[in-house]
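What follows is a single structure, written as structure tokens, with notes after it.
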Amino acid sequence: MSLELLKAAADSNQWWALAPEVMLACAALALLVLELVLPRAEHHKIPLFAIAAQAIVLVGVFLNFDTNWLGESTFGGLIRHSNWGQIARVFFVLSSLLVCFLATVCLPRTRMPRVEFYHTVLVVTAAMMLLAQSDHFVMFFVALETVTVGLYILVSYFRDNPLTLEAGLKYLVMGALSSAIMLFGIVLLYGAVGRVEGANGAIHTGFEFGTAAAFLQAHPDNFLAVAGALLVLSGVAFKIGAFPFQIWVPDVYQGAPTPVTAFLAVSSKAAGFAVLLLLVRNVFAPLQSVLVPVLSLMAGATILFGNLSALTQRNAKRLMGLSGISHAGYLLLGVIASFTVPWAGGAVWFYLFTYLLATMAVFGVMAYCTGENDADHELDTYDRLSRDRPFLAAVLAIGLGSLAGIPPLAGFLGKLILFIAAFQAHLYTLLAVAIVGVVLSIYYYFGWIKAAFFESWRPAFSTETATAAPRTTPSLFGTLTLALLAVATVVLGFFPGPLTSWLIGK
Amino acid sequence: MTDLLFLVLSAVTLVSAVLVVVNRNAVNAAMFFLLSLVGTAGLFVLLDAYLLAFVLILVYAGAVVSLFLFIIMLLDTRPEAQKPFKKMTVAASLLGGLLLFTGVLSLVLRFTPAPVGADPALAPVGASLKAYAEQLFTTYLLPVQVVGFLLLVAMLGVIVLSKRFQEPESRSQNSGGTA
């Protein structure tokens with residue numbers, strides 16, 4: 001490569017284009033410095049700094065929204081700035097903001113260092129934002145590994161608890177396996193594409209999404225490339241917890257600390273779907289004839305498995321994990337529809353936003369209803385919640401209702417828009433499966449609501465254990481956050497216009 | 001000369017790889033693994049991939065194998081504590097070997113040699129240290145930075161997950177600060 005080409009490559013490293021990610025990374029470093037510099041008595045202010053920094057980044061992303069660099073690629077084709085990339089930035093910052101809020105509730109109960117938790121959350125969030133905007137398999141894999149390594153640490157963070165350690169080990173082994181599978185797929189694609197000489201002497205390889213897509217367009221029946229694509233998608237399926245790759249979900253969700261479970265359920269799953277949409281739209285679009293049947297089978301099995309296994313579940317965190325599998329199934333429906341219906345990708349993002357609000361509300365209530373050992377979180381913990389803490393019970397009911405898809409709430413609209421997209425894409429069989437799944441989900445979500453609102457009969461000798469369930473009174477900040485999430489879920493159900501017009505552009 | 005070197009290096013690599021598996025002494029197995037890596041690095045040198053050979057020696061032989069040796073010393077494994085293979089393992093390895101054999105056979109039967117020296121201008125990026133470094137600091141600058149954060153997070157994680165957290169001290173200092 002000549003020196004001029006190298007200079008051109010260096011000139012395309014536009015760091016301002018990645019200002020939100022750079023700011024998050026700098027804030028993460030600043031947290032560590034603050035811990036060194038501040039006296040110990042001031043250390044409780046460091047989480048507030050993390051939250052403030054994320055709020056600034058969120059406002060910053062909103063302010064210079066779709067003005068600069070939109071549709072361009074920077075960093076020599078490693079990053080492509082798109083509308084979905086901006087949506088992903090907003091989503092991930094919002095989600096990690098709420099995870100940090102949950103951490104301020106849960107972390108002080110344990111004897112673990114705190115600052116490193118926020119540091120890791122910030123770095124992982126920045127990596128997820130890069131992941132959703134990557135346009136090159138090297139960038140893609142590096143960002144994905146940063147996310148995964150950060151999550152390994154977060155999952156096993158409460159290492160005093162044996163269940164947490166088990167979850168950490170399982171997540172480590174399964175995550176490493178999925179990364180290996182995905183890397184193997186990327187290498188197969190790279191090998192199949194080989195070297196392509198472009199205009200003015202530049203050499204393109206299969207690492208670039210555009211070059212790989214052009215190769216697949218020209219040779220849609222190349223065995224190596226198709227095998228590579230399937231392996232890459234299997235790796236992504238591990239991250240979203242779709243059917244044959246979902247075995248890690250219940251144990252890891254149960255053992256991980258509550259804020260991390262929320263992070264896995266919302267950010268990690270959304271990162272998986274951002275990647276899936278990116279790949280399906282930019283790279284694997286020519287492989288429609290192979291991928292649609294595979295993904296359809298996966299979606300149907302995922303919906304049925306998630307809902308059926310959640311039916312008899314009494315542990316709240318396992319229930320969230322298993323029902324999260326079924327949500328991944330509904331979202332896969334949208335991904336399949338996006339092959340033929342262009343706006344289905346926006347529907348997936350809308351569903352993810354409603355899922356974010358509802359899930360974070362439920363996890364917020366869970367954070368206030370557990371003691372130090374948050375892995376043994378049975379539904380019985382919620383007995384008489386409506387009498388003791390009516391506010392928490394109301395937030396829980398709104399969150400669960402939205403997850404189940406009860407009409408006036410946002411979750412209903414999310415499902416409706418997703419199903420309309422699937423209907424337009426003629427996925428009738430999958431739609432029937434999804435509707436059966438939704439009906440099944442109402443049973444277990446309402447089992448949880450029933451546990452919180454209706455007193456269950458229990459023999460006299462066991463009442464003491466029920467009343468001994470630890471419940472913390474939310475602080476003013478916590479009350480405001482939970483109320484905001486619940487109100488947003490209700491309001492979005494009635495006025496989805498602004499969000500849908502931004503995401504779908506109708 | 002090159003052919004002879006190739007044969008010798010391949011033989012060294014393969015024989016020591018087999019010895020890694022069949023050796024009963026874990027330390028000897030690790031040393032044979034080292035020898036196998038040296039053979040592989042030599043093969044890379046024959047392919048003009050000097051940087052790859054260098055990195056292989058530096059990272060695997062220098063860091064990974066010495067880590068293995070440390071762990072073997074710490075675990076204090078005895079040579080006789082080796083279990084016999086399970087039937088399932090034997091069946092799986094036979095199946096794997098058969099698949100590998102089929103793959104190699106099909107490669108040999110269908111092999112068409114690429115035109116040698118078709119594109120002398122296109123030197124592989126990983127061949128020389130200079131070209132590699134130029135790529136790292138221009139085209140792939142962003143992934144390099146992200147990898148830096150990855151390593152930082154991994155290091156912090158190891159510290160957090162293994163170091164004893166001194167809560168009592170900080171609590172006493174906290175109470176002193178608030179009092």
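Let a ≥ b ≥ c be the square roots of the eigenvalues of the Cα gyration tensor of the protein assembly as shown; is it rounded (a/c under 1.5), or, if not, prolate (a/b larger than b/c) or oblate? Provide the component values of the computation, followed by the final result.
Working: a/c = 1.62, a/b = 1.41, b/c = 1.15.
In terms of gyration-tensor shape, prolate.
Give me the extension gain from B:T102 to B:I159: residue separation times 0.36 nm, minus the current Cα-Cα distance, reported in nm with one decimal.
Values: separation 57, 0.36 × 57 = 20.52 nm, distance 4.66 nm.
Extra length from B:T102 to B:I159 when fully extended: 15.9 nm.
Take the alpha-carbon centre of segment A:69-106, take the same for segment B:1-74, and report the distance between them in whole Å.
Using only Cα atoms, the two centres lie 43 Å from each other.
Are any of the pairs A:K415/A:K450; A:K170/B:K83; A:K239/B:K87 more than 32 Å apart by Cα-Cα distance, and if so, which?
The pairs that break the limit, which is 32 Å between Cα atoms, are A:K239/B:K87.
Distance between Cα centroids, segment A:251-289 to segment B:128-143: provide it in whole Å.
30 Å
Please give the contour-minus-distance gain from A:V439 to A:L169: 0.36 nm per residue of separation, less the Cα-Cα distance, rounded to one decimal in nm.
Working: separation 270, 0.36 × 270 = 97.20 nm, distance 3.48 nm.
Extra length available between A:V439 and A:L169 comes to 93.7 nm.
At most 15 other Cβ atoms within 10 Å plus a DSSP loop assignment makes a site exposed; report the longest stretch of chain A without any exposed chymotrypsin sites (Phe, Trp or Tyr not before Pro). Don't skip to the end; give the middle numbers.
Values: sites that count: A:F65, A:F454, A:W457.
Looking at chain A, A:66-453 is the longest stretch - no exposed chymotrypsin sites (Phe, Trp or Tyr not before Pro) with at most 15 other Cβ atoms within 10 Å.
Sort segment B:1-78 into rounded, prolate or oblate with this rule: let a ≥ b ≥ c be the square roots of the eigenvalues of the Cα gyration tensor; rounded if a/c is under 1.5, and if a/c is not under 1.5, prolate when a/b is larger than b/c, oblate otherwise. Working shown, then result.
Working: a/c = 5.10, a/b = 1.66, b/c = 3.07.
Judged from the Cα gyration tensor, segment B:1-78 comes out oblate (a/c at least 1.5, b/c at or above a/b).
For A:M320, B:M88, A:M139, A:M112, what's the fewest-to-most ordering of other Cβ within 10 Å of each Cβ?
Lowest count first: B:M88, A:M112, A:M139, A:M320.
Taking GluC sites (Glu not before Pro) as exposed when DSSP calls them loop (any state but H, G, I, E, B) and at most 16 other Cβ atoms lie within 10 Å, what is the longest stretch of chain A free of them, the sites themselves excluded? Could you put the intermediate results ahead of the total?
On the way: sites that count: A:E72, A:E372, A:E455.
Looking at chain A, A:73-371 is the longest stretch - no exposed GluC sites (Glu not before Pro) with at most 16 other Cβ atoms within 10 Å.
Where in segment B:21-53 are there chymotrypsin sites (Phe, Trp or Tyr not before Pro) that are in a DSSP coil and have at most 12 other Cβ atoms within 10 angstrom of their Cβ?
none
Would you mind calculating the gained length between A:V292 and A:F62 on full extension (0.36 nm times residue separation, minus the Cα-Cα distance), in nm to one decimal? Numbers along the way, then the final one.
Working: separation 230, 0.36 × 230 = 82.80 nm, distance 3.50 nm.
Length gained between A:V292 and A:F62: 79.3 nm.
Values quoted throughout were computed directly from the atomic coordinates according to the rules given, and no laboratory measurement underlies them. All values derive from a computational prediction rather than experimental measurement. Cβ atoms come from the backbone with ideal geometry, glycine included; neighbour counts cover every protein chain shown.
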